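The next block holds one structure in the form of structure tokens; read it before the comments.
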Amino acid sequence: MHDDGSKMFFYLSDLLDYPVSDPEGKVHGRLTDLKVQLGELFPKVNSLVIRNRREKSALTLDWSWVETIRGRSAVLKPGAGSRLTDLEVGNREILLREDLLDKQVVDTSGAKIERVNDIHLLIVHGELLLVHVDFGLRGILRRLGWMRAIDAASDWLFTYRLPERLASWKFVQPLASDPKSNLKLNVTVRKLHELHPSDIADIIEDLDRTNRSSVFRALDTETAADTLQEVDPRLQLSLIETAPPEQASDILESMEPDEATDFLADLPEEKKERLIRTMEKPFREQVEGLLKHEAGTAGSIMTTDFLALRGDQTIADAVESFRNAFHPLDTVAYIYVTGEDRRPAGVVTLRQLLLCGREEKLGELMNPHLLKVGTDDDIKTVADVFNKYKFLAVPAVDGEGVIQGIITLHDILQATAEKL
């Protein structure tokens, strides 16, 4: 590759499906992956992986035949087309898309990265290096093509952007014996309460039944709730059953209602009913309402923790409702304005809440052009709404138009990411 001393950063998701062409514009195929040789602090990309319609199997081309990456294409040096060969992956080599993207890796300091959402690359001195893995929400948004729109919405509403969550490759290590396997957590001698819940979940999964129960019972309620959601689903029920009934109830009630519902939905009916009966009435009613919705629908991923007030209520009433919320709200971006019949009539933003006088009526401030989804709408329909309109949350209404909950950006990202 031509070396002009410049440095350029790329994300793998930005490069995938680039056309790969020679200087005259002849397209040899599309970039489907990058192959790297492990072993260096920041491994070099040694080959492009290309697919075209003429060949059934993938082809590979040494990185040295790449002239430049510009616009949305990779341009090759003259004669590169004759250097395409069948793809082979050698010892200590990995394919970034196939072997790393969406896989679990572990920080060598002991902090587990749940999932690699994107891969950060750097061109320097003509070489393409693997420098970071991205395990934040921005990686998912980038792959969905939503990044610019969400940044623009966040800038306007909050003058804030979701932070990058990048881990340097020098702190990330695939398993030495098999670089394509998920890495098990290397537990250090840190105190239990200092660990992330996903790390505690890994520890619990590696213990025998007796010690597993002891560790789980020793956790405080909030940490136990977070850890339970990270544990292998096959162990969740046995863990919750080892806890005393009151602790089990407290753990479930520490979860968001929609998360507790997801946990309960997969349980046998008898065990599910027994756990529901132990819950306090307000939380129990929320969970029972959510359990009525079919999996894969808007109702199954919505949360019932949101603010809905009447149009004759004031900014001061809204602030007081924030303070008295039964659970921390999933989003504070919007306050929904309803009539006496609980049908949403408009929306007030957090921006208005901060800038307007305490005695101003919500009905006079609201935007009446409110987009809604139905609780029976499928996930794809809801995702299309977020993608088109770039909202941070959308109300979900029943067949009579009554608001039943809201779906947040996090909810739909999580549901969509599971299908990637």
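What to note about this one:
- All positions within the range 61-102 that are of a type outside the set (Phe, Trp, Tyr), outside any strand (DSSP E or B) and touching a helix residue (DSSP H, G or I) at 6+ places or on another chain (Cβ under 6 Å): 77, 80, 83, 96
- Any chance residue 239 is surrounded by 15 or more Cβ atoms within 10 Å (Cβ to Cβ) and in a helix (DSSP H, G or I): yes
- Filtered residues of the range 30-48 (kept if assigned to a strand (DSSP E or B) and modelled with pLDDT under 90): 37
- A count restricted to the range 347-368 and to residues that are within 29 Å of the chain's Cα centre (by Cα) and closer than 16 Å to residue 397 by Cβ stands at 1.
- Qualifying residues in the range 371-381 (those that are modelled with pLDDT under 95 and hydrophobic (A, V, I, L, M, F, W, C)) - the one farthest from residue 344 (Cα to Cα): 379
Matching residues to (1) modelled with pLDDT under 90; (2) farther than 30 Å from residue 202 by Cα; (3) not hydroxyl-bearing (Ser, Thr, Tyr):
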| position | (1), (2), (3) |
| --- | --- |
| 55 | yes, yes, yes |
| 68 | yes, yes, no |
| 104 | yes, no, yes |
| 125 | yes, yes, yes |
| 138 | yes, no, yes |
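- Selection over the range 123-159 of residues that are among the β-branched types (Val, Ile, Thr) and part of a strand (DSSP E or B) gives a count of 4.
- Contact map, the range 266-287: residues that are touching a residue at least 12 places away in the same chain (Cβ under 8 Å) paired with residues that are among the basic types (Lys, Arg) and surrounded by 15 or more Cβ atoms within 10 Å (Cβ to Cβ), Cβ distance under 6 Å, separation 6+ or inter-chain. Pairs shown: 276/284.
- Criterion: in contact with a Ser or Thr (Cβ under 7 Å, 6 or more places away or on another chain) and among the polar types (S, T, N, Q) - qualifying residue of 21, 82: 21
- Given (1) of a type in the set (Val, Ile, Thr); (2) modelled with pLDDT under 75; (3) under 22 Å from the mean Cα position of the chain (by Cα), index of the condition residue 200 fails: (2)
The values are calculated or read from the model by the stated rules, or taken from the named source; none is laboratory data. Everything quoted here is computed from the prediction, not taken from an experiment. Here the Cβ is made from the backbone with ideal geometry for all residues, glycine too, and neighbour counts use every protein chain on show.
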